[in-house]
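**Student:** Encoded as structure tokens, here's the structure I'll be asking about.
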Amino acid sequence: PIDPNSMFKEGFLKSVYNEKPAEQVVTRFPPEPNGFLHIGHSKAIAINFGFARYHGGVCYLRFDDTNPEAEEEKYFTAIQSIIEWLGFKPFKVTYSSDNFDRLYELAESLIKRDGAYVCHCSDTEIKLQKGGETHGPRYACPHRDRPTDESLAEFRAMRAGKYKPREAFLRMKQDLQDGNPQMWDLAAYRILEAKHHRTGDKWRIYPTYDFTHCLCDSFEDISHSLCTTEFQLSRISYEWLCDAVEIYKPMQREYGRLNVTGTVLSKRKIARLVNEGIVRDWDDPRLFTLIALRRRGIPPGAILSFVNELGVSTALTNIQIVRFEQSVRRYLEQTVPRLMLVLDPIKVIIDDLPEDHYEEVELPFGKDPKMGVHSVPFTKTVYIDRSDFREIDSKDYFRLAPGKSVGLMKVPFPIKATTFEKDDAGLVTVVHATYEKPEEGAAMKKPKTFIHWVADSRERDSPFKVEVRSFNSLFKSENPDAAEGGFIKDINPNSEEIYPNAMIEIGLKEIRSRAPWPEDEGEKDVANKDAGLETVRFQGMRVAYFSMDKDSTGERPVLNRIVGLKEDSGK
Ligand code: ATP
Ligand code: MG
Ligand code: MG
């Protein structure tokens with residue numbers, strides 16, 4: 001078992017804490033509400049919420065909603081629900097936009113301190129001002145030296161609607177001599193003719209990330225502002241601005257992003273997969289958005305232990321999908337119950353059993369006796385998987401074939417195949433077998449292999465028919481973006497296999513009534529219900545791990561294959 005807090009006990013996060021052992025740890029997770037979160041974000045969530053929890057502090061969920069053009073209501077709800085699903089409860093849900101008035105006041109104050117000016121340069125001009133090998137040294141903008149009261153008047157005019165977007169913006173007056181581009185008079189406010197989902201038409205000017213983030217951190221008394229390493233260079237402007245307006249300065253520290261290879265995570269690319277009908281939607285189980293992982297049946301605890309296993313440092317972590325799946329598999333192995341499920345059934349008639357033969361065999365739900373047992377019927381007709389039967393036997397084959405016997409899991413005696421029937425297409429439809437019950441006093445020959453099966457029993461409503469969706473990698477290569485013709489040309493044509501006639505034993509009913517599994521995840525899985533998902537996960541013995549998909553109906557459950565039992569199985 002993995003200690004869910006080991007990442008806070010040593011290494012990067014420990015040293016961050018040691019630098020500033022705060023009496024009250026306060027962190028924040030600050031997503032932009034412009035898309036669904038993906039597996040990479042789970043690291044940021046685990047770090048920020050986990051760090052606070054570990055040190056007895058609190059963590060805000062702060063929507064960084066300063067870009068009204070890209071924001072949509074549905075993302076706010078989706079983000080909140082997925083955080084809850086991961087098992088975290090924000091101390092408070094806040095919005096950068098709640099601070100628009102206060103930010104505006106600080107902008108005026110910065111101008112008055114000669115720390116900002118209104119600039120009218122075009123994008124091209126600004127690029128030139130930054131200097132570079134091809135266009136000479138860095139130089140100051142002509143507006144930089146305008147009097148502060150002129151900038152103040154112009155800033156108010158920007159707010160009042162005198163200018164169109166791009167005609168004016170507020171720039172911080174930093175240090176052009178500094179080697180760090182984050183000190184080259186960054187934009188603080190820009191004009192956007194967009195209605196904001198919370199402040200409506202009140203504002204025509206919106207603060208930038210560089211202006212907003214550090215000040216909102218300060219307003220919320222964030223003790224440790226943890227972000228990804230792309231913001232390493234921004235630490236200087238973060239600190240510069242807090243100092244310039246003389247307010248409390250939180251400590252920013254940067255950790256490495258989590259990247260998963262063999263898939264795409266960018267919003268634009270996933271949008272294209274959805275729009276072109278390559279996947280069902282943003283929650284298609286082949287994707288690595290968090291709503292997709294949830295739909296596929298990955299338990300939230302497995303995602304957290306994966307992040308914890310990887311540990312945290314400043315290095316970028318590139319992880320292959322198989323490595324993630326290993327981690328999920330280890331987690332499921334220890335937590336979910338076992339059932340018998342047949343993906344592609346063939347009927348087996350045990351000819352020498354009486355028509356009405358009925359007995360019950362007891363099946364444990366797992367190795368751990370605490371998981372309990374259940375009974376399933378055993379009758380004259382059973383179904384086994386097509387892959388467990390061969391028309392022609394061979395010496396090195398140990399499952400069912402004419403003349404060969406095999407054990408049915410937990411059934412007292414083996415069965416031996418005699419003959420079989422085929423349809424016009426040459427597909428085996430029925431296998432005939434005999435029950436190998438030894439004569440009184442004779443010893444039973446123990447079969448080499450036991451296979452899974454489900455019985456035909458009308459009394460017990462067995463089997464349940466289900467549709468199974470088995471997923472393989474959505475892309476053929478490890479780096480879809482580098483594929484010739486781009487990621488869209490790298491789609492794996494066999495990324496989904498459907499088994500429309502799969503059958504499952506009656507234990508499904510019981511595990512549905514006892515869900516969620518693992519039981520201690522009950523609270524987190526409340527969020528599954530909101531998403532229309534029933535939290536049912538199990539191991540189909542000898543097959544794979546499965547969950548119940550949201551496309552399930554009363555008559556027809558749809559199961560998702562979460563991961564195989566071993567690496568590569570099912571591919
Ligand atoms: P993307 O570029 O994938 O859209 P983002 O950084 O723009 O992601 P935000 O909504 O700003 O998305 O992310 C919220 C928080 O999650 C930020 O603190 C960001 O640094 C962090 N985060 C985003 N992606 C990752 C990742 N791959 N690994 C770890 N943390 C991440
Ligand atoms: Mg961002
Ligand atoms: Mg973004």
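**Student:** Answer yes or no: is there a residue in the range 87-99 that is within 11 Å of ligand 1 (Cβ to nearest atom), under 22 Å from the mean Cα position of the chain (by Cα) and over 27 Å from Leu170 (Cα atoms).
**Tutor:** So far as the range 87-99 goes, no, none of its residues is within 11 Å of ligand 1 (Cβ to nearest atom), under 22 Å from the mean Cα position of the chain (by Cα) and over 27 Å from Leu170 (Cα atoms).
**Student:** Answer yes if at least one residue in the range 80-101 is closer than 18 Å to Ser313 by Cβ and either away from ligand 3 (no atom under 16 Å from the Cβ) or among the hydrophobic types (A, V, I, L, M, F, W, C) (or both), and no otherwise. Before the answer, list the steps.
**Tutor:** Residues of the range 80-101 closer than 18 Å to Ser313 by Cβ: none.
No.
**Student:** Could you tell me how many of the residues in the range 384-403 are part of a loop (DSSP other than H, G, I, E, B) and at negative phi?
**Tutor:** Filtering the range 384-403 for residues part of a loop (DSSP other than H, G, I, E, B) gives 390-399, 403.
Checking the rest, the ones that are also at negative phi come to 390-399.
Number of matching residues: 10.
**Student:** Please enumerate the residues belonging to the range 243-268 that are closer than 15 Å to Lys20 by Cβ and more than 16 Å from ligand 2 (Cβ to nearest atom).
**Tutor:** Hits for the range 243-268 are Tyr248, Lys249, Pro250, Met251, Arg253.
**Student:** State which residue is farthest from Arg469 (Cα to Cα) when the search covers only the range 501-546 and only residues that are assigned to a loop (DSSP other than H, G, I, E, B) and at pLDDT 85 or above.
**Tutor:** Selected residue: Ile506.
**Student:** Residue check: is Lys195 among the charged types (D, E, K, R), away from ligand 1 (no atom under 16 Å from the Cβ) and within 28 Å of Leu61 (Cβ to Cβ)? Steps first, answer last, please.
**Tutor:** Numbers: among the charged types (D, E, K, R): yes; away from ligand 1 (no atom under 16 Å from the Cβ): yes; within 28 Å of Leu61 (Cβ to Cβ): yes.
It is true that Lys195 is among the charged types (D, E, K, R), away from ligand 1 (no atom under 16 Å from the Cβ) and within 28 Å of Leu61 (Cβ to Cβ).
**Student:** If we keep just the residues of the range 209-218 that are touching a residue at least 40 places away in the same chain (Cβ under 8 Å) and surrounded by 18 or more Cβ atoms within 10 Å (Cβ to Cβ), which is nearest to Phe49 (Cα to Cα)?
**Tutor:** By that ranking, first place goes to Asp217.
**Student:** Still on this structure, please answer the following. Name the residue that is farthest from ligand 1 (Cβ to nearest atom), counting only residues in the range 15-45 that are part of a loop (DSSP other than H, G, I, E, B) and small (Gly, Ala, Ser). Break it down stepwise before answering.
**Tutor:** Applying the first criterion (part of a loop (DSSP other than H, G, I, E, B)) to the range 15-45 yields 20-25, 30-37.
In the following step, the residues that additionally are small (Gly, Ala, Ser) were identified as 22, 35.
Details: Ala22: 19, Gly35: 6 Å.
Restricting to residues being part of a loop (DSSP other than H, G, I, E, B) and small (Gly, Ala, Ser), the top hit is Ala22.
**Student:** If a residue must be within 16 Å of ligand 2 (Cβ to nearest atom) and surrounded by fewer than 23 Cβ atoms within 10 Å (Cβ to Cβ), how many such residues does the range 39-53 contain?
**Tutor:** 4
**Student:** Considering each of Ile291, Ile278 in turn, give the residue that is modelled with pLDDT of 95 or more, surrounded by fewer than 18 Cβ atoms within 10 Å (Cβ to Cβ) and outside the structural domain of Gly507 (by TED's automatic domain parsing). Give the derivation first.
**Tutor:** Values: Ile291 fails: surrounded by fewer than 18 Cβ atoms within 10 Å (Cβ to Cβ).
Just one listed residue meets the conditions, Ile278.
**Student:** Among the residues of the range 440-451, are any at negative phi, in a loop (DSSP other than H, G, I, E, B), modelled with pLDDT of 95 or more and not hydroxyl-bearing (Ser, Thr, Tyr)?
**Tutor:** Among the residues of the range 440-451, not one is at negative phi, in a loop (DSSP other than H, G, I, E, B), modelled with pLDDT of 95 or more and not hydroxyl-bearing (Ser, Thr, Tyr), which makes the answer no.
The rows are residues; the columns are (1) buried (at least 20 other Cβ atoms within 10 Å of the Cβ); (2) on the phi > 0 side of the Ramachandran plot; (3) modelled with pLDDT of 95 or more; (4) within 16 Å of ligand 1 (Cβ to nearest atom).
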residue: Cys121; (1), (2), (3), (4): no, no, yes, no
residue: Lys127; (1), (2), (3), (4): no, no, no, no
residue: Asp149; (1), (2), (3), (4): no, no, yes, no
residue: Gln174; (1), (2), (3), (4): yes, no, yes, no
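**Student:** Within the range 16-33, identify whether any single residue is surrounded by fewer than 16 Cβ atoms within 10 Å (Cβ to Cβ), within 16 Å of ligand 2 (Cβ to nearest atom), at pLDDT below 95 and over 20 Å from the mean Cα position of the chain (by Cα), and answer yes or no.
**Tutor:** So far as the range 16-33 goes, no, none of its residues is surrounded by fewer than 16 Cβ atoms within 10 Å (Cβ to Cβ), within 16 Å of ligand 2 (Cβ to nearest atom), at pLDDT below 95 and over 20 Å from the mean Cα position of the chain (by Cα).
**Student:** Oh, and also: Looking only at the range 151-172, which residues are surrounded by 16 or more Cβ atoms within 10 Å (Cβ to Cβ) and in a loop (DSSP other than H, G, I, E, B)?
**Tutor:** Keep residues of the range 151-172 that are surrounded by 16 or more Cβ atoms within 10 Å (Cβ to Cβ), which gives 151-152, 154-155, 158-159, 163, 168-172.
Once the filter is applied, which keeps residues that are surrounded by 16 or more Cβ atoms within 10 Å (Cβ to Cβ) and in a loop (DSSP other than H, G, I, E, B), the range 151-172 yields Tyr163, Ala168.
**Student:** Based on this model, can you work out whether Ser387 counts as within 22 Å of Met340 (Cα to Cα), free of Cβ contacts under 8 Å to residues at least 24 places away in the same chain and surrounded by 13 or more Cβ atoms within 10 Å (Cβ to Cβ)?
**Tutor:** Against the criterion (within 22 Å of Met340 (Cα to Cα), free of Cβ contacts under 8 Å to residues at least 24 places away in the same chain and surrounded by 13 or more Cβ atoms within 10 Å (Cβ to Cβ)), Ser387 does not qualify.
**Student:** Can you name every residue in the range 129-144 that is at positive phi and surrounded by 12 or more Cβ atoms within 10 Å (Cβ to Cβ)?
**Tutor:** The one that is at positive phi and surrounded by 12 or more Cβ atoms within 10 Å (Cβ to Cβ): Gly131.
**Student:** With respect to Arg556, determine if the residue is assigned to a loop (DSSP other than H, G, I, E, B) and of a type in the set (Lys, Arg).
**Tutor:** Details: assigned to a loop (DSSP other than H, G, I, E, B): yes; of a type in the set (Lys, Arg): yes.
For Arg556, the condition - assigned to a loop (DSSP other than H, G, I, E, B) and of a type in the set (Lys, Arg) - is met.
**Student:** If you don't mind, there's one more thing I want to ask. Among the residues of the range 57-75, which ones are modelled with pLDDT under 95 and more than 14 Å from ligand 3 (Cβ to nearest atom)?
**Tutor:** The answer is Pro68, Glu73, Lys74.
**Student:** I would also like to ask the following. Among the residues of the range 444-483, what is the count of those that are more than 17 Å from Ala433 (Cβ to Cβ) and hydrophobic (A, V, I, L, M, F, W, C)?
**Tutor:** Looking only at that region, the number is 8.
**Student:** A further question on this structure: Please indicate, with yes or no, whether at least one residue in the range 367-379 is without any contact (Cβ under 8 Å) to a residue 12 or more places away in the chain, under 44 Å from the mean Cα position of the chain (by Cα) and part of a strand (DSSP E or B).
**Tutor:** Yes: the range 367-379 contains one or more residues that are without any contact (Cβ under 8 Å) to a residue 12 or more places away in the chain, under 44 Å from the mean Cα position of the chain (by Cα) and part of a strand (DSSP E or B).
**Student:** Here is a check on your reading of the model: is Ala78 in contact with a helix residue (DSSP H, G or I) (Cβ under 9 Å, 6 or more places away or on another chain), of a type in the set (Gly, Ala, Ser) and not assigned by TED's automatic domain parsing to the domain that holds Gln174?
**Tutor:** Considered against the rule, which asks whether it is in contact with a helix residue (DSSP H, G or I) (Cβ under 9 Å, 6 or more places away or on another chain), of a type in the set (Gly, Ala, Ser) and not assigned by TED's automatic domain parsing to the domain that holds Gln174, Ala78 comes out as yes.
**Student:** Report, by residue number, each residue of the range 107-138 that is touching a residue at least 24 places away in the same chain (Cβ under 8 Å) and among the hydroxyl-bearing types (Ser, Thr, Tyr).
**Tutor:** Ser109, Tyr117, Ser122
The values are calculated or read from the model by the stated rules, or taken from the named source; none is laboratory data. Since we're looking at a predicted model, the values are computed, not measured. Because the Cβ atoms are built from the backbone with ideal geometry, glycine has one as well, and the counts that use them run over all protein chains shown.
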